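J.: The structure's right below; bear with me while I get my questions together.
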Amino acid sequence: MDETKGQVLIEEMNCVACHASAAAFAAQSKKAPRLAEVGSRVNPAYLEAFIRDPHGTKPGTTMPDVMPTANKGRIATEITHFLLSLKKNDFALQPPDAVAASLGAKLFHSRGCAACHSPRDAKGTETMKPTSVPLGVLEKKYSFKSLVGFLRQPHASRPSGRMPDMRLQGRELDCIAHYLLRDTRVPGNLSYTMYRGQVWQGLDSAEVEPERAGHVKDLSLSNFGKLHHHAAIRYEGWLNIANAGRYTFHLQMNGGSLHLDGREVVNEEPKDRRGIKKLQGTAELAAGWRKIELVYFHTGREPLLTFEMEGPQFARGAIPSSMLSVSNEPIPTFEPLKVNAELAARGREHFAKLGCAKCHDDVGVQSAPSIAFGKLDATRGCLSDAAGTWPRFDLSAGQRALIAKALPQMETRQLTDKERLHKTLATFNCIACHERSGLGGIAADRNGIFTGTAPALGDQGRLPPPLTDVGAKLTPSWIAAVLLNGQRQRHYLDAAMPQFGETNVGHLVDLFGKVDHLEDVTFPKIANIQESKNAGYEMIGVTGFSCIACHDFNGQKSAAGALDIVHTTERLQKSWFHLYLRQPQRFHPTVIMPTYWPGGQSMRPNILGGDTAQQIEALWTYLEGGPQAKKPLGLARTSNELRVADVAEMCRGRGTAGYRGIGVGYPARINLAFDSEEMALRMLWKGDFANVDLGSFRAIGTDRIAFPAGIPFHRLKSLDDEWPSKGKANYTFPHDHGYQFRGYHLDVLRRPTFRYQYGVIAVEEFFEDARDKDGKAYFKRSFQFDAPAAPQPFYFRAACGEKISTTTERDFKIDELQLRLTSKHQGITRDGEVLIPLTLPKGRSTLTLEYQW
């Protein structure tokens, strides 16, 4: 085992780059990073520091220190100029996006990065540094652009694949890069954070989400191009005041706030239903840098932002960008390195003389050969403690001993298939996520970072699967698809399956098959293939073993969300399938998969005579149909349409009207969906009624008229106020507005009257399907109110739409909907809404209206 560890170290240090060998291990040695385009990838200041002192700049690096003791700084500078002379460079720093970085923090830990690299706390401190692959100070090394490029194609610059391609989507890569580079400091004028959603509720609302962040040159909205109508921007920075004194700030905006040095200067609540307001505030400011924060709400009618300042020796006007900064202390500006041809020429000589070109062989430079590998003396050179001109690796005494022990037999030693397999798994750190027969596995302190989207599966729904006997479990073609082509079946795992490249791990496809063997299985003979398939069909479904209760089938989701079993015979070896179904716990002690053949006895003796082998073979035979297999019982859907005849039909559940919807289909072939959670009409439609499934329904007709979520009645303090709706974290809505659903009762035609409470007012709401003189169906909607005392006036929201026109105070057209008030009430309109003011008397009163469309 020590010899294998020593061999891994020799390969990781790429000893054969200097000490040539024709042995097989030479091809497996880790290749050094490609440097032809390093000038666009790495900050030249970092590159120079790393060349000068690799172990001090990035502790844990396998890069040796090859610099002579004298003139280190000068030689490092000259080599840097040489490397940057190889190709035109475009390295430049970009400010981090704090919003993307917060998402990147979650992705870094959930997608698998933290399986190898150290997890980090909220402050970015590495919490498991001693047991992790080091990253170093990335903000000094990379720009956002160059890090994203590296993460997208890591093997382009590091061909040996120790850093895998995680096959992440573009947005995910961006977020992780912003997270890793969140401490990058770039000069700028103002920092900003942009928000989207129902911003008039305030930035702390659950209906508002941060969208992006960065730098802008000033407070002009033109910096953002076209803004979404419901947006908000928080500007933060420092304002340089030349002369102390009293300053006045003039703003035009719908709403927002201005703070200077933490003190409020302007504060105006935003309103989505009004235009801009002219605002003014004053502040006594000392000379020097003053902290400024402006929150602007881009909402309401014709949104606009103007910001002007006037004060001592500063005439009223916009604040120039020269007076603004993201910091009250100077931030150095990145200056691209201008290559000096003379320095670059000397750097090229050093690159050859110091042996750099032996590892980095893509830059067109040759180094003199060193002593052959077979003639190495473990007591001299790189492995000795003596000082000399040889490379100095940052190795511990134990690591040196392992290399010394492996060295004499490196060129003659032949690894067994099992040793080669396990060495590869260790080299690429596969065992950080996967356990194999006691080798590796997720460390206890890292277990919690693995997450998933199928909680019903327990740990199997979040942890990568073990690799024990995987060569006897999976078909070679499936192993190749997973290792080399990014094939995934466990989509519920948040961790991505890394891609190390065919050159690096392609040999594992054959090795797994050579190493992993289980006992032979004798498959039963099938007398009647169709009978066997039919039995498999029955067992998969709800009248058999109900496999589809936990497993997806051909893309159709199950309750638990386990592996889609339609790919079973493509993925699994048949012998393993038989052995696993007989005893699942043998292969995974904590598996939640039940056994249906305990002790070899079938739990369904009525199928195929209770023969265990025949039943398992029948499942296999049925699943060989793959995506063309007949849908099992309980999954195949017949028509679930609910049809209406001469009386009304009702259905309940989630779907068309929220989570607690009630659908009603009327004999006149018009329909409605009522939200019993918010006591509100949510949809009208014509024709066919609904498809009904377990706990849900969906409208299937035509001519749909949608009504927004939200309560029907409300007391608005001002017509500029928003109509209330449920926020993501407002679990008391609409009860906090005085609502309580009281159920419904049916008339002789089974038409419901909805009953609910609005404060002290008892409400009964009824819809009647009627026909006009031309025989066209429409709804009469009536409310009956019972109040123990005359309540305060309030509004009823009768309809909403994009285009509203008024014929009279009782007749309105809202998009395709005609609304007519038939009681003595009158309506008013505001942006997108028809409101009916209600002043109720004590006792009983009514409101009636009609909907035609």
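J.: If you take the alpha carbon radius of gyration of region 657-806 and divide it by 2.2 N^0.38 Å, what ratio comes out, to two decimals?
T.: That ratio works out to 1.09.
J.: Could you check the simple spin-label distance between Glu435 and Arg167, using points 7 Å along Cα→Cβ, in nm with one decimal?
T.: 2.5 nm
J.: For region 282-316 and region 372-433, what is the separation of their Cα centres, given in Å?
T.: That distance is 65 Å.
J.: As a check on your grasp of the helix formula, calculate [θ] at 222 nm for the chain: sum -39500 (n - 2.57) over DSSP H runs of n ≥ 4, divide by the residue count, round to the nearest 500.
T.: -6000 deg cm²/dmol
J.: Next up: Would you mind working out the magnitude of the charge dipole of the chain relative to its Cα centre, with +1 at each Lys and Arg C-beta and -1 at each Asp and Glu C-beta, to the nearest 20 Debye?
T.: In total the dipole reaches around 380 debye.
J.: Can I ask one more? If you take every DSSP beta bridge fully contained in region 631-787, what fraction is antiparallel? Give it as a percent rounded to 5.
T.: DSSP beta bridges in region 631-787 are roughly 95 percent antiparallel.
J.: Helix 529-540 versus the longest principal axis of the chain: what angle, 0 to 90°, nearest 10, using Cα atoms?
T.: The helix 529-540 is inclined about 70 degrees to the chain.
J.: Further question on the same structure: Given 5 Å bins starting at zero, what is the percent of C-alpha pairs of region 395-500 in each, up to the one with the largest pair distance?
T.: 2, 10, 15, 21, 18, 12, 9, 7, 4, 1, 0
J.: Same structure, new question: Return the ratio Rg/(2.2 N^0.38 Å) for region 473-575, where Rg is computed over Cα atoms only.
T.: For region 473-575, the normalised Cα radius of gyration comes out at 1.31.
J.: Related question: Could you grab the relative contact order for region 490-587? Cα pairs under 8 Å, six or more apart, rounded to a whole percent.
T.: Dividing the mean separation by the residue count of region 490-587 yields 17 percent.
J.: Could you list the residues of region 292-310 with an amide nitrogen less than 14 Å from a label point located 7 Å from the Cα of Glu264 in the Cα-to-C-beta direction?
T.: 295
J.: To one decimal place, what orientation-averaged projected area in nm² is obtained for the convex hull of the Cα set of region 491-536? Walk me through the numbers before you get to the answer.
T.: Details: hull surface 27.3 nm².
Average of the hull's projected areas for region 491-536 equals 6.8 nm².
J.: Starting from the coordinates of the alpha-carbon atoms of region 1-156, obtain the Kirkwood hydrodynamic radius over all distinct pairs and give the value in Å to one decimal.
T.: Final number for the Kirkwood radius of region 1-156 is 17.9 Å.
J.: Once the Cα atoms of region 530-610 are picked out, what are the Rg and Dmax in Å?
T.: Expressed in Å, the Cα Rg and Dmax of region 530-610 come to 12.8, 35.
J.: Turning to a different aspect of this structure: Please give the helix 397-406 orientation as an angle from the longest Cα principal axis of the chain, in degrees from 0 to 90, rounded to the nearest 10.
T.: Tilt relative to the chain: about 70 degrees.
J.: Then there's this: Once the Cα gyration tensor of the chain is found, what semi-axes does its equivalent ellipsoid get, as square roots of 5 times the eigenvalues, in whole Å, sorted largest first?
T.: Numbers: eigenvalues 770, 451, 68 Å².
Value: 62, 48, 18 Å, ordered largest first.
J.: What FRET efficiency would be calculated for the residue pair Gln198, Thr829, taking the C-beta separation as r and a Förster radius of 22 Å, to the nearest 0.05? Don't skip to the answer; put the middle values down first.
T.: Numbers: r = 21 Å, r/R0 = 0.96.
The computed FRET efficiency comes out at 0.55.
J.: Over what distance in Å are the Cα centres of region 818-842 and region 494-522 separated?
T.: That distance is 71 Å.
J.: Roughly how many Å² is the accessible area per residue of region 234-346, as a whole number, for a 1.4 Å probe? Intermediate values should be presented prior to the final figure.
T.: On the way: 5700 Å² over 113 residues.
Normalised by residue count, the accessible surface of region 234-346 is 50 Å².
J.: Summarise the long-distance tail of P(r) for region 390-433 by giving the % of C-alpha pairs beyond 14 Å.
T.: Percent of Cα pairs beyond 14 Å in region 390-433: 68.
J.: All other residues with a Cβ under 10 Å from the Cβ of Thr621 taken together, and with Lys, Arg as +1 and Asp, Glu as -1, what is their net charge?
T.: Net charge around Thr621: -2.
J.: In percent, what relative contact order does the chain have, based on Cα pairs under 8 Å that are 6 or more apart in sequence? Mind dumping the intermediate values first?
T.: Details: 1694 pairs, mean separation 77.9, N = 853.
Computed over the chain, the figure is 9 percent.
J.: Compactness ratio of region 363-427: Cα Rg over 2.2 N^0.38 Å, N = residue count? The partial results should precede the final answer.
T.: On the way: Rg = 14.8 Å, N = 65, 2.2 N^0.38 = 10.7 Å.
That works out to 1.38 for region 363-427.
J.: Grab the beta carbon distance between Asp459 and Glu349, set R0 = 45 Å, and tell me the FRET efficiency rounded to 0.05.
T.: 0.20
J.: Continuing with this model, one more query. How large is ³J(HN,Hα) for each residue in region 464-475, as worked out from phi by the Karplus curve 6.51 cos²θ - 1.76 cosθ + 1.60 (θ = phi - 60°), to whole Hz, x for Gly and Pro?
T.: x, x, x, 9, 4, 6, 5, x, 8, 8, 9, 6
J.: Let me ask something additional. For Asp65 and His507, what does the FRET efficiency come to when R0 = 25 Å and r is the distance between their Cβ atoms, rounded to the nearest 0.05?
T.: Between Asp65 and His507 the formula returns 0.15.
J.: Under 13 Å from a point placed 7 Å out from the Cα of Val542 along the Cα-to-Cβ direction: which residues of region 594-637 have their backbone N that close?
T.: Under cut-off, by backbone N: 632-637.
J.: Moving on to the next point. What is the distance, in nm, between label points placed 7 Å from the Cα along the Cα-to-Cβ direction at Lys773 and at Ala387?
T.: Label at Lys773, label at Ala387, 11.2 nm between them.
J.: Considering the options Gly112, Gly663, Thr333, tell which one lies farthest towards the positive end of the dipole of the chain, charges being +1 on Lys and Arg and -1 on Asp and Glu at the Cβ, about the Cα centre.
T.: Thr333
J.: Show me the trypsin sites (Lys or Arg not before Pro) within region 786-828 that DSSP assigns to loop and that have at most 10 other Cβ atoms within 10 Å of their Cβ.
T.: Lys803, Lys824
J.: Based on the alpha carbons, how large is the Rg to Rh ratio for region 166-242 when Rh follows Kirkwood? Walk me through the intermediate numbers first.
T.: On the way: Rg = 14.9 Å, Rh = 14.5 Å.
In region 166-242, Rg relative to Rh is 1.02.
J.: Give me the extension gain from Asn240 to Lys129: residue separation times 0.36 nm, minus the current Cα-Cα distance, reported in nm with one decimal.
T.: Once the chain is fully extended between Asn240 and Lys129, it gains 35.8 nm.
J.: With bins 10 Å wide starting at 0, give me the P(r) of region 602-645 over every alpha carbon pair, in whole percents.
T.: The percentages, shortest bin first, are 22, 33, 25, 12, 7, 0.
J.: Another question about this same structure. Please report the base-10 log of the normalised intensity I(q)/I(0) for region 762-834, using a Debye sum with one equal scatterer per alpha carbon and no solvent, at each q in 0.26 (1/Å).
T.: The computed values of log10 I(q)/I(0) come out as -1.31.
J.: Lys and Arg at +1, Asp and Glu at -1: add these up for the other residues within a Cβ distance under 10 Å of Asn89 and post the number.
T.: For residues surrounding Asn89, the net value is +1.
J.: Now a separate question. At most 10 other Cβ atoms within 10 Å and a DSSP loop assignment: could you name the GluC sites (Glu not before Pro) in region 775-835 that fit?
T.: The qualifying sites are Glu802.
J.: From a point 7 Å beyond the Cα of Thr282 in the direction of its Cβ, which residues of region 292-329 have a backbone N at a distance under 16 Å?
T.: Within reach of a label on Thr282, which here means backbone N under 16 Å from a point 7 Å along Cα→Cβ, region 292-329 contributes 309-314, 316.
J.: Leaving out ligands and nucleic acids, note down the accessible area per residue over region 522-625 with a 1.4 angstrom probe, in whole Å².
T.: 47 Å²
J.: Modelled label-to-label distance, Arg74 and Lys525, 7 Å Cα→beta-carbon offset: nm?
T.: Simple spin-label model gives 9.0 nm for this pair.
J.: Where does each of 146-152, 750-756 land if you order them by average Cβ count within 10 Å, highest first?
T.: Top to bottom by mean Cβ count within 10 Å: 146-152, 750-756.
J.: Expressed in nm to one decimal, what extension gain is obtained for the pair Thr753 and Thr333 from 0.36 nm per residue of sequence separation less their Cα-Cα distance?
T.: 144.1 nm
J.: Enter the angle in degrees (range 0 to 90, nearest 10) between the Cα long axis of helix 612-623 and the first principal axis of the Cα atoms of the chain, meaning the one along which they spread out most.
T.: That works out to roughly 80 degrees.
J.: Using a 1.4 Å probe on the protein heavy atoms, what percent of the accessible area of the chain belongs to carbon and sulfur?
T.: Carbon and sulfur atoms account for 51 percent of the accessible area of the chain.
The values are calculated or read from the model by the stated rules, or taken from the named source; none is laboratory data. Everything quoted here is computed from the prediction, not taken from an experiment. Positions of Cβ are generated from backbone atoms using ideal geometry, with glycine treated the same way; all protein chains shown enter the neighbour counts. When the accessible area is computed, the model is the full protein with side chains, heavy atoms only, and any ligands, DNA or RNA have been set aside. Shrake-Rupley method; radii C 1.70, N 1.55, O 1.52, S 1.80 Å.
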